[in-house]
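The values are calculated or read from the model by the stated rules, or taken from the named source; none is laboratory data. Since the model is a prediction, treat every value here as computed from it, not as a measurement. Glycine also receives a Cβ, built like all others from the backbone with ideal geometry; neighbour counts cover every protein chain displayed. Please note that ligands, DNA and RNA were not included when accessible areas were found on the heavy atoms of the full protein model with its side chains. Shrake-Rupley method; radii C 1.70, N 1.55, O 1.52, S 1.80 Å.
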Amino acid sequence: MSGRAPNDWPAIPEIAWRRGIGVPPDHVGHPRVTVPMIDDGPWAGVPIGGIGAGSIGRTYRGDFRRWHLTIGEHRVESVPIDGFAIRVAGGGQQTTRVLSAAAEPGGPGWGPGIPAGAGSYHALFPRAWFSYDLDGLPVRITEEQMSPVIPGDYDSSALPLGLFTWSLENRSSGDQSVALLFTWLDQLDCERGIGRPTHAESCAADGAAGVRLMAPAGPDGMPASLAIAAAADDGVTTSVRRSFPLAAAGDVWADFADDGLLSAGLGARGVDPEGARGVAVAARVELAPGERRTLRFALAWDLPFGLFGSGRRLARRYTRRFGTDGASAFEIAAEGLRRGDEWRSAIDAWQAPVLADPE
């Protein structure tokens, strides 16, 4: 359970870089040399991931876009299904929106995003914040994104993990039901050394509920897993959709929009039909007038080896604790949900003297 007091609200450092969510840059720079260079364009933001564990970049629009999980390789691709959506219902009104200002649709039947400028983005590594300002929404929303990169704590700093803490406040005079949806597309086989097919299984342990994708080793011999999870805190209802065909994403959206929960779908475990597929986890909480609560999510991956072009491979730092079978993504996510408050306090203590220094 989160240790944050119910009335606390995220304190965003004033020195953090700030820009309107999804507001295009005024002047886009470009390389000043003619030799080939990596240029991912202007959409960027604080990534998630640990030292030596790879990273997934997330832009200030709210979309996940830069993938650097394999040594020496990276790809830039905004995957519309990857990310968060919110449902707010109360007083006879209901709103369901994708919390991203990226232009790409999520597929047939997927919900609408938010307009550029619907709030502000703040970045101070290893954290970022989205402070949303959505017209007509009776709930105040701030999201904190964090990876536990902490000086002196190498075990935590090496974890392939991102945490997402959503602070919610009911600003209306009536009760509000608030739910968040986290969806992810299975793309494990895009990384070198990982095979097919992928198993998807529901997981529940240590106060967390989620879905784990498991892939066998490919020719280079690296099994892997990826997991999304939500914290089953007191008063929070969690639900998962173990797997769904991408062509049926609209059905998942309608399912979530109905009551903020997900039906079980295909069952707890199994191999799905060939083709693009996604996984989903949702969390719902009921808010009385003026009440504040948090909903917490995690994304973790377990690609245990760094594979080099010479054929050499080295085990990543975090495998000293979690082993090299590539199956520990959900366990890493669950640990993140347990220890998030501890890590946040450590980051605050590390950065506070610098932030307080007038020089």
How much accessible area per residue does the chain have, counting only protein heavy atoms and a probe of 1.4 Å, in square angstrom? 43
If packing is taken as the mean number of other Cβ atoms within 10 Å per residue, what is the order of 299-310, 63-74, highest first? 299-310, 63-74
Just the number, please: carbon plus sulfur as a percent of the accessible area of the chain, 1.4 Å probe, no ligands or DNA/RNA counted. 53
Using the alpha-carbon centroid of each, what span in Å lies between the stretch 306-359 and the stretch 167-182? 31
CD proxy, 222 nm, the chain: helix-only mean residue ellipticity via -39,500 (n - 2.57) per DSSP H run with n ≥ 4, per residue, nearest 500, stands at -4000 deg cm²/dmol
Mind ordering 348-355, 277-284, 30-37, 239-246 by average Cβ neighbours within 10 Å, highest first? 277-284, 239-246, 348-355, 30-37
Shape of the stretch 24-125, Cα gyration tensor, a/c cut at 1.5: prolate
Overall dimensions of the chain as given by Cα atoms, namely Rg and Dmax in Å: 19.8, 64
